[in-house]
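Q: Would you mind keeping the following structure in view while I ask a few things?
Quick note: the coordinates plus some simple rules give every number you see, no bench work behind them. Treat the numbers as computed from the prediction; the structure is a model and nothing was measured. Here the Cβ positions follow ideal geometry from the backbone for every residue, glycine too, while neighbour counts run over all protein chains shown.
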Amino acid sequence: MNDLDFTGKSVLVVGGSSGIGNAIAQSFRARGADVHVWGTRANSSDYSAVDGSDLTGLHYTQMDASNLEAIEAFEPTFAQLDVLVLSQGIVLYGRREFEMKGFQHIIDVNLNSLMACSLKFHDMLKARRGSLIILSSMAGFRSTKGNPAYNASKAGAIGLTRTLGEAWAEDDIRVNGIAPGLIATKLTKVTTDHPKRREATEQRIPVKRLGQPDDIAGTALFLASPLAAYIIGQTIVVDGGLTLA
C-alpha cells in the first residue's frame, strides 16, 4: 500500500491558483486526488506560468477570501472532502500595514478567512475523517518589523492550528499546519528580485538556498497521509534551517 496515494480522495486548496498553494494542489493531483482550487481571478485562464501557476487538471472557482459571507454561502461542487488546505495569504509593503485599513484587510485574508473556511467545511471533513492543513509562516515565531498585520495573522494561524487540532480531534479531523520560510513566490519578490538582497538572505539560510513551493508541497502530502495519523495541532517549520540561525 502506498500511503501517499490519494486516489479517490477529494482535495480543496484555498489559494491554490499560484505559488505554494498551486504546488500543493498539483502534488495531490499527481497522486490521484480530485483537486479543487480557489483563487481571486475571474477565470483559470487569467493565470499564467509567470505567476507560478499551473491549473492543468484542477477545478477552479473564484473566491475572495476576505469576503467571509461569500465563503459561508458557497455551495460545494464536490460531494465529499478529504483534505482542506488553507494557503491563502497576502502582504502589504510600504508601511501600509501600519494603517488600519491595510491592517484589517491582512487580518481578514490571512486569519479570519481561515476560521471561516474551517467552519464551512467542518462537517464534510468530519464525514470523511479528513485532514485540515493551515499554512502560516516562520514570521509567526519572530518579529517582522515592517509588517505588523502579516506577523499577527501568522502567529494567529499557528494558535488556531493548535486549538482546532485539540477541539476537532474528537470529530476525527486532524488539524495541522506548515510554517514556510522564505519561499520563491510572487509574495517574496521584494527579496528575490534583488540580487544582492537575495544573496545576503541565502547566506543566512543553513542550506544556502531559497525554498521552492515543492519543498512545502511534500510536507502537505505527509500531513494529509496515514503516515501522520498521530500528529495533531502541530505546525511544522519548513525553512531550510533559517529560524535556527
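Q: Full extension from Lys186 to Phe141: what is 0.36 nm times the residue separation minus their Cα-Cα distance, to one decimal in nm?
A: 14.0 nm
Q: Right, next: Under 20 Å Cα-Cα from Lys120, which lysines qualify once same-chain neighbours fewer than 8 residues away are excluded?
A: Cross-link targets: Lys9.
Q: I need the calculated FRET efficiency for the pair Gln80 and Tyr230, taking r as the beta carbon distance and R₀ as 25 Å, to the nearest 0.05.
A: 0.60
Q: Can you give the FRET efficiency to the nearest 0.05 for Ala73 and Gln104, using r as the Cβ-Cβ distance and R₀ = 25 Å?
A: Calculated transfer efficiency: 0.70.
Q: What net charge do the residues around Asp54 carry, taking every other residue with its C-beta under 15 Å from that of Asp54, with Lys and Arg at +1 and Asp and Glu at -1?
A: That sum, taken over residues with Cβ under 15 Å, equals 0.
Q: Based on the Cβ-Cβ distance of Ala167 and Arg198, what FRET efficiency does E = 1/(1 + (r/R0)^6) give at R0 = 35 Å, to the nearest 0.05?
A: Efficiency computed from Cβ-Cβ geometry: 0.30.
Q: A further question follows. What residues of segment 55-89 lie in the reach of a label at Asn43, counting those whose backbone N is under 19 Å from a point 7 Å from the Cα along Cα→Cβ?
A: 55-64
Q: Further, regarding this structure: Are there GluC sites (Glu not before Pro) in segment 1-102 that DSSP marks as loop and that have at most 16 other Cβ atoms within 10 Å, and which are they?
A: Loop-located and lightly packed - Glu99.
Q: Give, in nm to one decimal, the length gained when the segment between Thr7 and Arg95 is fully stretched (0.36 nm per residue of separation minus the Cα-Cα distance).
A: Gain on extension, Thr7 to Arg95, equals 27.2 nm.
Q: Oh, and also: Among 146-152, 123-129, 202-208, 133-139, how do they line up by average Cβ neighbours within 10 Å per residue, starting with the highest?
A: 133-139, 146-152, 123-129, 202-208
Q: Search the structure for amide H atoms under 5 Å from the amide H of Ala179, placed 1.01 Å from N in the peptide plane, and list their residues when 5 or more places away or on another chain.
A: Answer set, sorted by chain and number: Ser136, Ile236, Val237, Val238.
Q: Oh, and also: Using helices alone, what [θ] at 222 nm do you get for the chain, with -39,500 (n - 2.57) per DSSP H run of 4 or more residues, divided over all residues and rounded to the nearest 500?
A: -11000 deg cm²/dmol, from helical runs alone.
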